[in-house]
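Chemist: Here it is: the structure, laid out below.
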Amino acid sequence: MYRIAMLASLLMNMSVAATPVIHLMVEDAAEPFSRADGTGYTNELVVAAYAAAGIEAKLKVVPYTRCKNMVLEAREIACFNMAWEPALNSKVKFPSIPLYTVTPVYFQNKSRPIVAKNEAELKAGLKIGVVNGYEYPPSASELPKRGVIFVAAQSEQINLKQLANKSLDAALVMANEIQIPSYWAESAGVAGQVETTFSSTTQDVFIGFSIKHPKGLWALSQFEQGYKTIKDNGKLNQIKAKWGVSK
């Protein structure tokens with residue numbers, strides 16, 4: 001009996017040891033998708049997808065600029081939550097399905113509104129708050145070519161507070177079905193001082209894989225395989241329901 005127990009224990013340990021482990025980077029300030037404590041909708045989705053593919057995903061929670069740069073330099077396998085921009089070409093590859101979708105929205109100071117009804121009317125010299133390292137759709141990211149000044153900060157809340165203090169003319173904030181624009185103003189404590197004015201272009205958000213990292217494309221294929229599994233078996237819908245995601 002002793003030998004049988006030892007053999008069973010040995011086999012169990014071998015099974016555990018044989019489970020592949022993958023280390024992925026994730027941003028630390030994108031509630032409720034990716035929180036500083038490592039929880040969040042996309043964090044749970046990514047871990048579940050890899051588990052369905054027989055892989056244990058371990059997440060490294062870091063500021064977004066570090067997350068993005070480490071993947072661009074092929075020093076890490078993947079980073080999320082990323083959106084497309086020209087700088088990613090030939091360096092980062094996205095899965096076929098996004099993690100979620102966002103719409104950047106412009107906020108203005110209620111007491112000092114900007115004279116514009118859309119992005120095309122934004123004038124040179126306007127100071128607009130953006131988040132350091134974030135990707136914005138071309139309709140927004142190309143505004144500096146027309147003389148609009150982007151002022152980068154570490155979070156949406158900081159930008160909205162600066163807008164309320166009139167240090168900025170506008171703030172470009174990422175909104176989605178959970179984090180509606182009013183969420184950001186309330187989170188920053190400036191709901192009575194700022195308001196939305198118009199939207200930018202909707203964009204998809206992904207987990208981005210390093211093309212040049214030795215395990216990058218393999219990790220991408222494993223994620224897509226696992227994603228399909230949790231979509232088919234209902235696990236994905238359970239995660240969405242838990243976090244209030246409908247799409």
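The values are calculated or read from the model by the stated rules, or taken from the named source; none is laboratory data. Please read these numbers as outputs of a predicted model, since none were measured by experiment. Note that we place each Cβ from the backbone using ideal geometry, even for glycine, and neighbour counts take in every protein chain shown.
Chemist: Could you list, in sequence order, the residues of the range 24-58 that are in a strand (DSSP E or B) and touching a Leu at 6+ places or on another chain (Cβ under 8 Å)?
Modeler: Residues satisfying the conditions are L24, M25, V26, A57, K58.
Chemist: Give the number of residues within the range 96-116 that are in contact with a helix residue (DSSP H, G or I) (Cβ under 8 Å, 6 or more places away or on another chain), touching a residue at least 24 places away in the same chain (Cβ under 8 Å) and either polar (S, T, N, Q) or surrounded by fewer than 17 Cβ atoms within 10 Å (Cβ to Cβ) (or both).
Modeler: 4
Chemist: Has the range 92-104 got any residue that is of a type in the set (A, V, I, L, M, F, W, C), closer than 24 Å to Q162 by Cβ, more than 19 Å from the chain's Cα centre (by Cα) and part of a strand (DSSP E or B)? Steps first, answer last, please.
Modeler: Filtering the range 92-104 for residues of a type in the set (A, V, I, L, M, F, W, C) gives 92, 94, 97, 99, 102.
Subsequent filtering for residues that are closer than 24 Å to Q162 by Cβ retains 102.
If we keep only those that are more than 19 Å from the chain's Cα centre (by Cα) too, we end up with none.
Within the range 92-104, none of the residues are of a type in the set (A, V, I, L, M, F, W, C), closer than 24 Å to Q162 by Cβ, more than 19 Å from the chain's Cα centre (by Cα) and part of a strand (DSSP E or B).
Chemist: Moving on to the next point. Somewhere in the range 135-150, is a residue free of Cβ contacts under 8 Å to residues at least 40 places away in the same chain and either assigned by TED's automatic domain parsing to the domain that holds A48 or over 21 Å from Q203 (Cβ atoms) (or both)?
Modeler: Yes; the residues of the range 135-150 include at least one that is free of Cβ contacts under 8 Å to residues at least 40 places away in the same chain and either assigned by TED's automatic domain parsing to the domain that holds A48 or over 21 Å from Q203 (Cβ atoms) (or both).
Chemist: Filtering the range 133-157 down to residues that are in a loop (DSSP other than H, G, I, E, B) and not hydroxyl-bearing (S, T, Y), which residue is surrounded by the most Cβ atoms within 10 Å (Cβ to Cβ)?
Modeler: Step one: of the range 133-157, the residues in a loop (DSSP other than H, G, I, E, B) are 133-137, 142, 147-148, 154-155.
Subset that is not hydroxyl-bearing (S, T, Y): 133, 135, 137, 142, 147-148, 154.
Values: G133: 16, E135: 21, P137: 18, E142: 12, G147: 11, V148: 19, Q154: 14.
Checking each candidate, the answer is E135.
Chemist: Testing T42 on (1) crowded, with 22+ Cβ neighbours inside 10 Å; (2) closer than 21 Å to A188 by Cα, one condition comes back false. Which one is that?
Modeler: (2)
Chemist: Something else about it: Identify all residues within the range 202-247 that are touching a residue at least 12 places away in the same chain (Cβ under 8 Å) and surrounded by fewer than 13 Cβ atoms within 10 Å (Cβ to Cβ); write none if there are none.
Modeler: Residues satisfying the conditions are T202, N233, K242, G244, S246, K247.
Chemist: What are the residues in the range 67-86 that are surrounded by 17 or more Cβ atoms within 10 Å (Cβ to Cβ) and either of a type in the set (K, R) or closer than 19 Å to Q203 by Cα (or both), if any?
Modeler: K68, C79, F80, N81, M82, A83, W84
Chemist: Let me ask you something else. What pairs come up if the first residue lies in the range 72-89 and is more than 16 Å from V102 (Cβ to Cβ), the second is assigned to a loop (DSSP other than H, G, I, E, B) and not polar (S, T, N, Q), and their beta carbons are under 6 Å apart, counting only those six or more places apart or on different chains?
Modeler: Listed by first residue and then by second, the contacts come to L72/K91; A74/K212; A74/H213; I77/H213; I77/K215.
Chemist: If you take the residues of the range 158-174 that are closer than 17 Å to K123 by Cα and in contact (Cβ under 8 Å) with a residue 60 or more places away in the chain, which of them is surrounded by the most Cβ atoms within 10 Å (Cβ to Cβ)?
Modeler: A171
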